[in-house]
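Every number here is computed from the coordinates shown, using simple stated rules; none is lab data. Note that the structure is predicted; figures quoted are calculated from it, not measured. Neighbour counts are summed over all protein chains in view; Cβ atoms, including those assigned to glycine, are modelled from backbone coordinates with ideal geometry.
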C-alpha cells in the first residue's frame, strides 16, 4: 500500500465512491446524501488548506492501482483555544477491509499532525460501529463519551461515540507555557 497526499482532480471520484456507502448504508457518516465527485473535490481542496488529506493506493511493485481508502484531519472547533486539536476520519473501500489500510493511513496522518504542531486527535463514530471502534482503539484512541440521540438518520435517533488520541507525551501537557503555534499542513517525505 502506498500512502500519498490526495489530489482532488485525480482522487475525488474514487474517494466519493468509497465514501458513498458509508452515507447511504450506515451511520458511519451522518450525512444524508452522498456528495458528488465535484463536491468531494471541493471538500478535499478546503481541507488541504489547513490539514492533511491522504489516500492509500494499491501498489503491486509494477504499477500503482486504485484508491483503497482515505484519511484526513479537520479543525475540531473554530474557537482559538482548540487550534492544537483536530478531528480525524478514515474511510476504507469495503474490498480492502481488514488489511491494515485504515491503520496505515492513520499512522501517516498522525505523524503529519505531530509535525504540524497539533496535540490531540478526536474521532466521532456513529454507533453501532464495532469495526471503527476496534480500529480506533487499536490505534491508541481512548473513549471519552457518547452523545446520545444527537443525530437523526434512517428513521431513528443515532448516538455518536467520541474518542481521542494524545499526539504528544503526557508530560508535555503539564507545561504551563503556551505551546508553539501550529503550522501549515505538513507534507509526507
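Which ones in segment 13-30 are under 18 Å from the mean Cα position of the chain (by Cα), within 23 Å of residue 132 (Cβ to Cβ) and not in a loop (DSSP other than H, G, I, E, B)? Correct list: 14, 15, 16, 17, 18, 19, 20, 21, 22, 23. Looking at segment 135-152, can you tell me whether even one residue there is surrounded by fewer than 13 Cβ atoms within 10 Å (Cβ to Cβ) and more than 25 Å from residue 25 (Cα to Cα)? Within segment 135-152 (the criterion being surrounded by fewer than 13 Cβ atoms within 10 Å (Cβ to Cβ) and more than 25 Å from residue 25 (Cα to Cα)), the answer is yes, since at least one residue qualifies. Only residues that are in contact (Cβ under 8 Å) with a residue 60 or more places away in the chain and assigned to a helix (DSSP H, G or I) were counted in segment 46-75, giving 1.
From the set of residues in segment 100-109 that are in contact (Cβ under 8 Å) with a residue 40 or more places away in the chain and more than 10 Å from the chain's Cα centre (by Cα), which is surrounded by the most Cβ atoms within 10 Å (Cβ to Cβ)?
Our first condition is that a residue be in contact (Cβ under 8 Å) with a residue 40 or more places away in the chain; within segment 100-109, this holds for 100-101, 104-105, 108-109.
With the extra rule that they be more than 10 Å from the chain's Cα centre (by Cα), the set shrinks to 100-101, 104, 108.
Working: 100: 13, 101: 23, 104: 20, 108: 18.
Per the criteria, the residue is 101.
Inspect all residues belonging to segment 80-93 and state whether any of them is touching a residue at least 24 places away in the same chain (Cβ under 8 Å), exposed (fewer than 15 other Cβ atoms within 10 Å of the Cβ), over 13 Å from the mean Cα position of the chain (by Cα) and farther than 22 Å from residue 120 by Cβ. Can you show your working first?
Here is the first cut: in segment 80-93, the ones touching a residue at least 24 places away in the same chain (Cβ under 8 Å) are 83-93.
Subsequent filtering for residues that are exposed (fewer than 15 other Cβ atoms within 10 Å of the Cβ) retains none.
Within segment 80-93 (the criterion being touching a residue at least 24 places away in the same chain (Cβ under 8 Å), exposed (fewer than 15 other Cβ atoms within 10 Å of the Cβ), over 13 Å from the mean Cα position of the chain (by Cα) and farther than 22 Å from residue 120 by Cβ), the answer is no, since none of the residues qualifies.
Take segment 128-177 and flag every residue that is farther than 28 Å from residue 93 by Cβ and in a loop (DSSP other than H, G, I, E, B). Correct list: 168, 169, 175, 176, 177. Per the listing 117, 183, the residue uniquely exposed (fewer than 11 other Cβ atoms within 10 Å of the Cβ), more than 26 Å from residue 29 (Cβ to Cβ) and touching a residue at least 60 places away in the same chain (Cβ under 8 Å) is 183.
Taken over segment 86-104, residues that are on the phi > 0 side of the Ramachandran plot and touching a helix residue (DSSP H, G or I) at 6+ places or on another chain (Cβ under 7 Å) amount to 0. When segment 31-45 is filtered for residues that are surrounded by 15 or more Cβ atoms within 10 Å (Cβ to Cβ) and not in a helix (DSSP H, G or I), the ones remaining, listed by number, are 34, 35.
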